[in-house]
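What follows is a single structure, written as C-alpha cells, with notes after it.
The values are calculated or read from the model by the stated rules, or taken from the named source; none is laboratory data. Source: prediction; values computed, not measured. A quick note on method: Cβ atoms are made from the backbone with ideal geometry, for glycine too, and the neighbour counts reach across all protein chains shown. Quick note on the areas: whole protein, heavy atoms, side chains included, nothing else; ligands and nucleic acids left out. Shrake-Rupley method; radii C 1.70, N 1.55, O 1.52, S 1.80 Å.
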Amino acid sequence: MNVQVTRAYNFNAGPSALPLEVLEKAQQEFLDFRGTGMSVMELSHRSKEYEEVHNQAKASLKELLSIPDHYQILFLQGGASLQFSMIPMNFLKPEQKAGYVLTGSWSEKAFKEAEVFGNPYEAASTKDDHYRRIPLQNELQYNADDAYLHLTSNNTIYGTEWKDFPAVDVPLIGDMSSDILSRPIDISKFALIYAGAQKNLGPSGVTVVIIRDDLIEKANKDIPTMLKYSTHAKNNSLYNTPPTFGIYMLGEVLNWVKSIGGITEIARRNEEKAKLLYDAIDESNGFYIGHAEKDSRSLMNVTFRVKDEVLEKKFLAEAKQAGFVGVNGHRSVGGCRASIYNAVPYEACRAFRDFMKQFQQVNG
C-alpha cells in the first residue's frame, strides 16, 4: 500500500533535516542490505559488507573536502562534546597553554572542559558584543609555544560564522559541527577538525575527526585507550563497535552531495537559501532584527528577533501552525532561528520567506 507522506518544513538546529533521497534509499535497503538478508544495523562491523560501507564513507569525505594524505579520518562517538575533553586530554601538556576563541556557547563549553586538564586562556572573545560577530585576525592574541588554538567555525545559537580562517603558527583546531561540508575549506590550515554528524553529515551518533598525522604522534600517552586518537587511527575507527548505521547514513549523505555536484554546488545552494531569509530581514524596515553583524552572518543558522515581544510570540505560534518546525531561538537567548543546513531545500526557505513577508504585511 502506497502512503502519501507530507514532509515538514524542518528548520531544527540538530538533529536536523536529511536528504529525502537518502531516507528513501535507506528505507529500501532497511531489511535487506545489498542481498545480505540483513539490515545494515545487523551486520558485523568486522564483515566485508560493512567494511566496504565504512571505507567508502571515508573515501567520499576525503574526496569532497579535498583532505590531504597526511590526515586521518576517524569516526568516533560521544558527539562534539566529548571532543571538548579529548582534545586537551591528548594535546595540552602541563607546561603548556592553549588559546580558545570565544564566539558563543559551544566555544565556552569547550573552554570550560579544557580547564579541567590544563591552562586554557581566551585568545579572543566577542562576548561583550553579545556574540554578534567573529573576531578579526588582529584581535587574536596567542603564544608561539601554545599547544593549540581552538575555534568554533559556526555558532548555531548566535548565528555567526567564520568567513576566513586565521593563518596561525600553532596547531589550529576547529569545531565544525554545524557548517562542515557546507562550503569549500582549506583543510591544511587545521591540525584537527571535529564535527558531530547531526547537522550536515548524517544522523546523530557519529562524530567525524580529521586529524593531521604529526598531531597524533605528539599526543599524550598516559590517557585511557579509548580516549587516544592513536587508538582509532591505528584501527581504522574499528577498535570497538562503531555506530554502523550512522556511518552508513553518513556515506549515503556524501553520495547525495556528490550526485548534485559536490561541495561547490552545495555552497551555491546555501548562499541562495540564506539570501532569501537575510533579504527578508534587511528589507523589513526594522520589523525583523538580525542578531549577527552582516559580515559575520552564518549561512547555516539565521537568527533574528521580531520588533516587539508580543509580536514575536505571535510569529512563532503562527509559524508552528503553518508547519515550520524548529524556528524558536535557542532557549538560552530566545528569539527566532531558522537552521538551513545542506539538506533543507530551497523551497522550504522560500516558503518561510513568504511567511515572514506575509506576517509583516498583516502585523506591521
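For the pair residue 169 and residue 51 in one chain, pulling the backbone fully straight at 0.36 nm per residue adds 38.7 nm over the alpha carbon distance.
What is the chain's relative contact order, in percent, from Cα pairs under 8 angstrom and six or more apart in sequence?
Working: 670 pairs, mean separation 82.6, N = 364.
Relative contact order of the chain: 23 percent.
If I take all pairs of Cα atoms in the stretch 138-216, what percentage of them are more than 16 Å from each other? For the stretch 138-216, the fraction of Cα-Cα distances above 16 Å is 52 percent. Each principal axis of the Cα atoms in the stretch 61-199 has its own extent, and those three values, largest first, are 37, 33, 28 angstrom.
For the chain, give the share of DSSP beta bridges that are antiparallel, in percent and rounded to the nearest 5; count only bridges with both residues there. Expressed as a percentage, antiparallel bridges in the chain total about 55. Dimensions of the stretch 302-343 along the principal axes, based on C-alpha atoms and rounded to the nearest Å, stand at 32, 23, 16, largest first. Net length available on complete extension from residue 138 to residue 42 is 29.3 nm, with 0.36 nm assigned per residue and the Cα-Cα distance removed. With only the Cα atoms considered, the chain has a convex hull volume of 138 Å³ per residue. Once the Cβ-Cβ distance of residue 308 and residue 145 is raised to the sixth power relative to R0 = 35 Å, the FRET efficiency obtained is 0.10.
Over all directions, the projected convex hull of the C-alpha atoms in the stretch 158-275 averages 8.9 nm² in area.
Across the stretch 292-302, computed HN-Hα scalar couplings (Karplus, 6.51 cos²θ - 1.76 cosθ + 1.60, θ = phi - 60°) run 7, 5, 4, 7, 10, 5, 7, 7, 9, 10, 8 Hz from first to last residue, x flagging Gly and Pro. With contributions of -39500 (n - 2.57) from each DSSP H run of at least four residues, the per-residue ellipticity at 222 nm computed over the chain stands at -12000 deg cm²/dmol. Annotation for residue 112 and residue 81: the two label points, set 7 Å from Cα along the Cα-Cβ direction, are 1.1 nm apart. Taking the protein heavy atoms of the stretch 182-327 in the context of the full set of protein chains, the accessible area attributed to carbon and sulfur is 51 percent at 1.4 Å. Taken about its Cα centre, the chain carries a charge dipole of roughly 600 debye when the Cβ of each Lys and Arg holds +1 and the Cβ of each Asp and Glu holds -1. Which log10 I(q)/I(0) values, to two decimals, does the stretch 1-137 give at q = 0.10 Å⁻¹ under the Debye formula with one point per Cα? Relative scattering, expressed as log10 I(q)/I(0), comes to -0.61. Over all Cα atoms in the stretch 263-311, the spread is summed up by Rg and Dmax: 12.1, 41 Å. Kirkwood hydrodynamic radius computed over the stretch 220-364 comes to 18.0 Å, based on all pairs of distinct alpha carbons. Dimensions of the stretch 74-139 from C-alpha coordinates, computed as largest minus smallest value along each principal axis and given longest first, are 32, 29, 19 Å.
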